[in-house]
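Only one structure is covered here, and it is reproduced in the block below.
Values in this text are rule-based calculations from the coordinates and carry no lab data. Please read all numbers here as calculations on a predicted model, not as lab measurements. Positions of Cβ are generated from backbone atoms using ideal geometry, with glycine treated the same way; all protein chains shown enter the neighbour counts.
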Amino acid sequence: MKKIVVPGELVTEQRKRTGDHVFVHNGQIYSDTVGITNNESTTASVVPLKGIYIPKQGDILIGLVVNELFSGFLVDVNSFSLSYMSKDRIREPLKRGSIVSVRVSKTNELNEADVSDARVFYGGEVFAVSPVKVPRIIGKNGSMLDILRKGTNCNFIVGRNGRIWAKGGNVPLLIKAIKKIEAEAHTSNLTNKMAEFLSKQRNII
Amino acid sequence: MQKDVLLELNAEKVLNNLKEGKRNNGRKVDEYRKITIEKDLYKNAEGCAKVKLGDTEVIAGVKFSLGTPYPDSPKQGTISVGAELIPLASPFFETGPPSMESIELARVVDRGIRESKAVDFEKLCITEGEQVLIGFIDMYAINFDGNLFDASAIAAISALNEAKLPKIENDKIVEKEYSGKLKLKRKPLLSTFAKIGNVLVVDPDLMEETAMQARFSVATTEDNFVSAFQKGLSGAIKKEDVDNAIDTAFKTSKEIRKNI
Amino acid sequence: MTKEEKKIYVNKKGLRLDGRAVDESRPITIKAGVLKNAKGSCYLEWGQNKVLVSVQGPREALPKHIANPFKAIVKFTYRMAAFSVPDRKNPRPGRRDIEISKVCGEALEKSIFLEKYPNTQIEIWAQILDSNAGSRAAALTAASVALADAGIPMKDLVTSVAVGRIDGKIVLDLNKEEEDAPDAVDMPIAMMSNSKEIVLLQMDGLFSKKEWEEAYEVAVKGIEKIKQLQINALKEQFKLEEKEEKKTKTETKEKSVESAKETKTEKKEDKKELKDNKELSKAEAEVQ
């Protein structure tokens, strides 16, 4: 059974393995954030409904090039600080304002990230959602992404940092749909609901 | 700082769209966003108003204090307008002393009201040469999505329109007692335009403000007078821009005034 | 004659000037997530008090010399709007504003897992729009909700209230009239109610130790009730959707039988589309 919890709220009295966004106090497990917990799960964890993006190695992000340095670039990835990207192995022309997808290559204990493997996007639109909602927008095995692609014919990439680049197809509808997922991320059966929503919208058009 | 780059990118789009005659959210060049005005929310204020202009939100409150008149105008009270761009409204607004932007904003709103003689300063006189009322109008930006000028001006004049004059007894203000409403002689409103490329658009939203090279505000009254001009930013405007602005301002302000 | 009459702050029935019981707080309404440009926000009304709180960050702590490489720092700013008090307040922050900002920031620091965000700062702005005693308790209570709304990890919410004594009786949540009473005592207190840790405690007046103990008990009970309001405000943003859910569940059950038949044929088309998309993106990359 899923339930919404807030910081300091008891997640379970049972002795379970602890996952994300919980802490143990006096043998009991509490939530540290506003999120959803499932007491049928074997691990006590909370999926946050609010939060900021913390860079993790391997994540694909959508970034904006903010500055060019002598040996690299500074990229805004919507996190605590700008990420550094070395000029080594960059083949594409980059400048301030370039939209790129990048991979997090390294992080440190200050949550600073180095990024690499830049791929430039031309044209299209960039918009942002709460980073904690990204897993919902992707769905299990990309199921939600499929529904979104089919329903809007857009070419789009969702960064783990909550930034999304989209081009072609019906971008306004894609933005509307993704904002809807963001607002209803805590509800169940969302994949079906979104499929329905998109087919209705297409029939209107 | 981080949003800056994203906004700059979108600002380029604004410029390109305008070249094709398209504006954000399908607005026309002389069309305002939706305006709502809420009154009477804060009980300690003598008058107050909360204005939403699209997503831009400003709260203005009026407080009267006793003061002495200037020697050259012994029968006149006065107004004083202040503005604060608090961090609540935008990640770009910083804590600290009033910024240049907030001071310019306050002075332009003040000019529009003061020069139009909206408030009869003689009505604020308690004892000639000795005691007058000073009407303080303090404006706070609560959410910033472009065009704080017009939103603030609407909030300020709405708050003044609602304002109750305090009761004075024995040279002191009696708390929670009033001696009638401050009746405004005019209701001036600001109309602000953004010059983007060669196009002049009224009521710029945040994206349009990021794209604009120059900003032009004009305060107009219901009897078709202009009571303030303010050109802002480092771009340039031409005479036709001012002419167009005045014409548009007379028109749009008439509509907005109906809600006050 | 009437002006000289002594005010009866607590009458024989145990009711105060505004009709409240001694352990009753003024009505409180709390709404989270109200500001579009803030990471987290909260609007709170407490009696006549009205406060709007925003949370920005955690973001890079600047200037660099104030950054702490082991944890986030908290910057709390408490400000009163010029029109929020009976006598217009000068917008420039006074010593009272600065002291309140300090103690409120320190109160919240204990509740946040600051080590999760080294080198950053969390900025909290509490703007008082209308006031009538107890504005700092209102600001702190709202700020805790705003922090949770921003998704900042915390051990517990911080809940605040002012307790005091008027006319010899210990009361919860004094209003301005009561604060101005002769020999009134005003004690703002804030706690993380799970652990009963006190994170803010101030006092103005003359108190005996016994009165302090009694006041503490009244505060704890008051705080439990107010905390529930904080929790409700945070959960409320998601409640409406849950109700809709129950409605649509029955609808979708019927529809899902139909769509199950459809999806089989759609799956084939899907595969083709995925291929198309991949080729599209390849083609696009080549064109550029």
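Which ³J(HN,Hα) values in Hz, rounded to whole numbers, follow from the phi angles of the range C:121-137 under the Karplus curve 6.51 cos²θ - 1.76 cosθ + 1.60, where θ = phi - 60° and Gly and Pro get x?
10, 10, 9, 10, 10, 10, 9, 7, 9, 7, 9, 6, 6, x, 5, 6, 5
Packing-wise, with mean Cβ within 10 Å as the measure, how do B:112-119, C:22-29 rank, highest first?
B:112-119, C:22-29
Summarise the partner chain shielding of B:136-142 as one whole number: the mean count of Cβ atoms from other chains within 10 Å of each residue's Cβ.
Details: counts 6, 2, 7, 3, 9, 1, 9.
Counting Cβ atoms of other protein chains within 10 Å of each residue's Cβ and averaging gives 5.
Could you let me know the centre-to-centre spacing of the range A:117-172 and the range C:186-230, using Cα atoms, in angstrom?
Their Cα centres are 49 Å away from one another.
A 30 angstrom limit on the alpha carbon distance is what I want to check against. Which of B:Lys43/C:Lys225; A:Lys3/C:Lys39; A:Lys87/A:Lys176; A:Lys16/A:Lys150 exceed it?
A:Lys87/A:Lys176; A:Lys16/A:Lys150
Taking the C-alpha atoms of the range A:125-204, how large are the radius of gyration and the largest Cα-Cα span, Dmax, in Å?
Every Cα atom of the range A:125-204 included, Rg and Dmax give 11.3, 33 Å.
Order these peptides, C:103-113, A:138-148, C:226-236, by their mean beta-carbon neighbour count within 10 angstrom, highest first.
For the peptides C:103-113, A:138-148, C:226-236, the packing ranking is C:103-113, C:226-236, A:138-148.
Among rounded, prolate and oblate, which fits the protein assembly as shown when a ≥ b ≥ c are the square roots of the eigenvalues of its C-alpha gyration tensor, a/c under 1.5 means rounded, and a/b larger than b/c means prolate?
oblate
For B:Thr95 and B:Leu15 in the same chain, what is the full-extension length gain: residue separation times 0.36 nm, less their Cα-Cα distance, in nm?
25.6 nm
Restricting to DSSP loop positions (anything but H, G, I, E, B) with no more than 11 other Cβ atoms inside 10 Å of their own Cβ, which GluC sites (Glu not before Pro) remain in the range B:1-87?
Those that pass, being in a loop and sparsely packed, are B:Glu20.
Per-residue Cβ counts within 10 Å, from other chains only, averaged over A:141-149: what number is that?
Average per residue, whole number: 2.
Using a/c under 1.5 as the rounded threshold, could you call the range A:20-99 rounded, prolate or oblate? The axes a ≥ b ≥ c are square roots of the C-alpha gyration tensor eigenvalues, and prolate needs a/b larger than b/c, oblate otherwise.
prolate
Loop sites only, by DSSP: take the chymotrypsin sites (Phe, Trp or Tyr not before Pro) in chain A that have at most 14 other C-beta atoms within 10 Å and name the longest stretch containing none of them.
The segment A:123-205 is the longest one with no such site.
Counting only DSSP beta bridges with both residues in the range B:53-209, what percent are antiparallel, rounded to the nearest 5?
Within the range B:53-209, antiparallel bridges account for around 75 percent of the total.
Just for the range A:60-121, what percent of DSSP beta bridges are antiparallel, to the closest 5?
Here the antiparallel bridges make up roughly 90 percent for the range A:60-121.
Can you tell me the orientation of helix B:239-257 relative to chain B, as the angle in degrees between its alpha-carbon axis and the longest Cα principal axis, to the nearest 10?
60 degrees
Across peptide C:73-83, what mean number of C-beta atoms from other chains lies inside 10 Å of a residue's C-beta?
5
Enter the angle in degrees (range 0 to 90, nearest 10) between the Cα long axis of helix B:100-115 and the first principal axis of the Cα atoms of chain B, meaning the one along which they spread out most.
With rounding to tens, the tilt is 60 degrees.
With respect to the cross-link table entries B:Lys185/C:Lys176; A:Lys2/B:Lys52; A:Lys50/C:Lys50, which display a Cα-Cα separation exceeding 28 Å?
Working: B:Lys185/C:Lys176 37 Å; A:Lys2/B:Lys52 38 Å; A:Lys50/C:Lys50 25 Å.
B:Lys185/C:Lys176; A:Lys2/B:Lys52, as the Cα separations exceed 28 Å there.
Loop only per DSSP, at most 10 neighbouring Cβ atoms within 10 Å: give me the trypsin sites (Lys or Arg not before Pro) in the range B:1-76, ordered by residue number.
Values: sites: B:Lys3, B:Lys13, B:Lys19, B:Lys22, B:Arg23, B:Arg27, B:Lys28, B:Arg33, B:Lys34, B:Lys39, B:Lys43, B:Lys50, B:Lys52, B:Lys63, B:Lys75; in loops: B:Lys22, B:Arg23, B:Arg27, B:Lys28, B:Arg33, B:Lys34, B:Lys43, B:Lys75.
Those that pass, being in a loop and sparsely packed, are B:Lys28, B:Lys34.
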